[in-house]
Every structure is written in structure tokens, then in C-alpha cells.
Amino acid sequence: MAVVLDSDSGEMGSLSEAAPSSNGGSFPDIISISSAEEMSQSSTLRPSTTVSLENYSSGVISISSVEESNTPKPRRENIAYEVNFKERNIEEICICCGSLEIRTQHPLFQGGMCAPCTEHLLERFFLCDNDGYKTDCAICCWSKSLIMCDDPTCNRCFCEECMDSLVCSGFSDEIKKKSPWICFLCAPQRAYGLLKRKRRWRAELKRFYDQESNHLWIYQPLQTWDKKPVRVLSLFDNITQELKSLGFLGESKGNGTLKYLDDVTDVTRIHIEEWGPFDFIFGSTPPIGNSYQHPSAWYFYQYFRILQYVTPPEMMFFWMFVDNLVLEEEDRDTASRFFQMEAVIRYKQHDDTIQNAVHIWSNIPSVNSKYSASALYVDLSLLAKNILETRIFSQRPATLIKDFFVPLKEYFRTFP
């Protein structure tokens with residue numbers, strides 16, 4: 001049965017959530033604007049106007065239209081009209097918002113994209129939720145009301161507005177009645193109304209990121225039959241529970257595998273070659289409040305040493321290192337220099353209390369999105385001290401980053 005979800009829900013802190021200030025734990029006022037169109041109710045008959053009082057001394061009030069021409073704002077409802085009645089090529093229309101100012105072409109479907117929608121899709125396409133599904137619509141990455149694909153190998157969602165504007169009016173209501181519903185990227189049929197899937201959309205998605213992004217880099221997603229079980233090396237923290245809940249690991253033979261090492265002092269390149277190869281290497285510092293046998297920086301340096309043994313230049317490979325607020329600022333700066341990227345901060349908050357926070361370095365696409373970082377305006381050293389004093393901890397630090405593992409479904413097989 002098709003399921004509708006609201007992508008705004010979630011427990012993790014985000015850029016849109018209020019963050020405690022550094023001078024007393026108070027929260028700034030947040031004004032949420034869900035739609036620019038709701039802020040200005042204009043029409044072709046009466047466009048929005050602004051009143052200029054620059055010449056008030058002379059008794060003249062100048063009234064000018066916000067939209068100097070009477071061209072209506074881009075709307076997705078106009079896409080079908082532009083194509084069917086004005087005979088405009090869909091590649092000349094942004095299929096995400098209806099704009100006629102095109103920057104590039106959509107990577108998955110036939111149609112154009114404007115500059116704002118291009119930037120938005122680049123940053124949000126790989127974002128996922130803890131339930132294993134994508135956070136946003138696979139077409140526009142904007143809308144909230146989503147319908148999930150029922151194919152067990154797919155975790156994508158599509159919004160009702162894209163369906164109704166690109167396929168036909170009321171199409172989303174029909175989909176909700178179907179059980180199961182196979183999405184536009186999984187179904188054999190390539191064309192649904194104006195929505196036409198590209199034949200080699202995975203290669204197009206890779207090209208899209210290569211050409212349009214200056215800080216996000218991805219591997220080309222694999223077709224279902226090309227995916228293999230993931231082979232994981234987990235250092236200093238066992239992430240079996242998180243990966244198993246997402247379907248990467250299982251009890252049956254042929255499922256993904258994970259090797260956990262709590263200490264790597266005596267581990268050499270020969271050991272890694274014997275145990276490997278590995279597709280993903282995870283590592284972390286010990287959680288706050290836990291006793292550990294080595295200095296905090298030891299965990300980072302040992303992880304980076306093992307990473308050099310594991311990294312295969314000829315194959316797809318992912319890595320992630322997490323600091324549970326135990327590294328000194330100088331050590332975090334060193335880690336950013338070694339990993340050649342800045343860390344992302346993610347925290348867990350309950351009521352007004354921040355229970356835990358982590359720094360993350362990774363080459364998994366979603367980690368480096370500007371929407372992944374949490375806006376945490378506090379002194380992290382004081383936060384760590386406060387967490388120790390109050391003895392309030394999240395269940396496991398790895399629960400803060402579980403959603404970052406989900407994009408690996410584009411590359412590795414998962415199991416029910």
C-alpha cells in the first residue's frame with residue numbers, strides 16, 4: 001500500500017530548528033515560511049504592489065509593481081499548459097517549479113531545471129531519514145507530502161504535487177489506492193504523461209554532480225543486479241545494530257558482513273589484506289562518559305593509519321570517522337586537514353537539554369550537504385563537560401548518524 005509521509009518530521013536537529021545560544025541556553029525566535037506564494041497573494045489581474053515613500057517630502061507617492069511585467073510567478077500547474085497548448089519543449093521548463101529560466105537539465109527525467117532548483121537538488125538528493133527512505137521527492141526535493149515506492153530495493157519518494165502536475169491531475173490520489181505502487185524509476189514503463197525517465201539516469205546523475213557541484217562528489221549509483229553485499233570494518237564502535245536495522249546485514253549466508261575491532265595497536269597491513277577487502281570503514285572516538293585506554297587523539301590517528309591500508313584506488317569505497325566530543329580542538333583541526341574536509345556537527349536534543357553531539361567526517365554524499373549540519377551555537381567543550389556532569393547520554397552516539405548510512409543503499413544490496 002502506498003504510504004504518505006510528512007518529510008518535515010524527525011528527531012534530529014537541523015538548520016531549521018532553534019539552537020541554544022552560547023549565553024544562557026535561550027532559544028531565538030524562529031519564523032517558519034512554508035511557501036513564498038503564501039506571503040504574496042498576487043494574480044495576473046492584480047499583481048503585488050509596493051509603495052515607495054522616497055518622495056514623500058514632495059507629496060508624491062510612487063506605486064510600482066513587484067513584477068514589472070504581468071508575467072505570473074513560476075508554478076508547476078503551468079507546466080502542462082506550456083507544453084500542450086503553447087507547444088514549449090519541456091527541456092525549456094523547470095519541471096521542479098515551472099520556471100522558464102533554465103540553468104541545466106534534470107538528471108533523472110526529461111526536462112529543464114532552474115538555478116535555485118539545481119542547487120536545492122544537489123544538496124538534498126541524498127538526504128535520508130532514519131526509517132531508510134529518502135527525505136525529499138526524487139523529482140523536486142522541495143515538497144512535503146510524499147508517497148513512498150513499495151519496491152523493497154528502492155527507498156525513493158515522490159511528492160503529490162509533482163505527480164499531479166507532470167502526470168495528470170489527481171494521479172497522486174489514484175496512487176494512494178494502489179498496493180503495491182512501484183515508482184517511476186523502478187517501473188518498466190518509462191513515460192507517464194509529461195514525466196519521462198531518462199534511459200541512463202544513474203550515469204546522468206553522476207554527470208550532474210560532476211558538472212554542477214563544486215563541493216559534492218558522488219560515485220555513480222548502481223543498478224539493483226549490480227549491487228553486492230557490503231563488507232564493513234568497524235573500529236572502536238560496533239555499528240552492527242544500525243546497519244542491520246537498515247537491511248545491510250543479516251543472518252543468512254551471502255548477506256553483508258562486518259568485522260569489529262576494539263583495538264588496532266598490533267594490526268598491520270597484512271592483517272587488513274587478509275580480512276578484506278572492505279567497502280566501508282567506520283571509526284569513532286569513545287563516547288563521553290566511557291573509560292578508554294588510550295588518549296583521545298590515538299583513536300583518530302589509528303583510524304587514519306588503517307584507512308591507508310584499506311583504501312582501494314580501483315573500486316568504490318566509503319569511509320566515516322566520528323568524534324564524540326572527546327577530541328581537543330587542535331586534534332579536530334588536524335583531522336580536518338588529514339581528511340581534507342571540515343567536520344559536520346550533529347546533535348540530539350530532548351526538550352531544552354542537548355544529550356549528545358558528534359563531529360563527522362565522511363565521503364558519504366549526504367554528510368557534506370549544507371542541510372546535514374546542525375546549527376549548534378554553544379561552546380562544545382562546555383557542552384561535553386555539562387553532559388558528563390548531568391550524566392545524561394543518548395542511547396548510543398551512532399544513533400545520531402544512522403540516517404547517513406542510508407545513501408549506501410544506492411551502491412550495496414540490502415535484505416528484508
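The values are calculated or read from the model by the stated rules, or taken from the named source; none is laboratory data. Computed from a predicted model, the values in this text were never measured in an experiment. Every residue, glycine among them, receives a Cβ derived from its backbone with ideal geometry; neighbour counts consider all protein chains shown. In case anyone asks, the SASA skips ligands and DNA or RNA and just uses the protein heavy atoms, side chains included. Shrake-Rupley method; radii C 1.70, N 1.55, O 1.52, S 1.80 Å.
Within the span defined as the range 222-230, every residue fails to be closer than 26 Å to PHE125 by Cβ, acidic (Asp, Glu), open to solvent by less than 60 Å² (accessible area, probe 1.4 Å) and not assigned by the TED database to the domain that holds PRO152.
If you go through the range 243-264 and keep only what is polar (S, T, N, Q) and either in contact with a Leu (Cβ under 8 Å, 6 or more places away or on another chain) or modelled with pLDDT of 95 or more (or both), you end up with ASN255, THR257. For the condition of a type in the set (Gly, Ala, Ser), farther than 19 Å from ASN130 by Cα, at pLDDT 95 or above and not assigned by the TED database to the domain that holds ASP129, ALA335 qualifies. Among the criteria (1) at pLDDT 95 or above; (2) outside any helix (DSSP H, G or I), the one CYS117 does not fulfil is (2).
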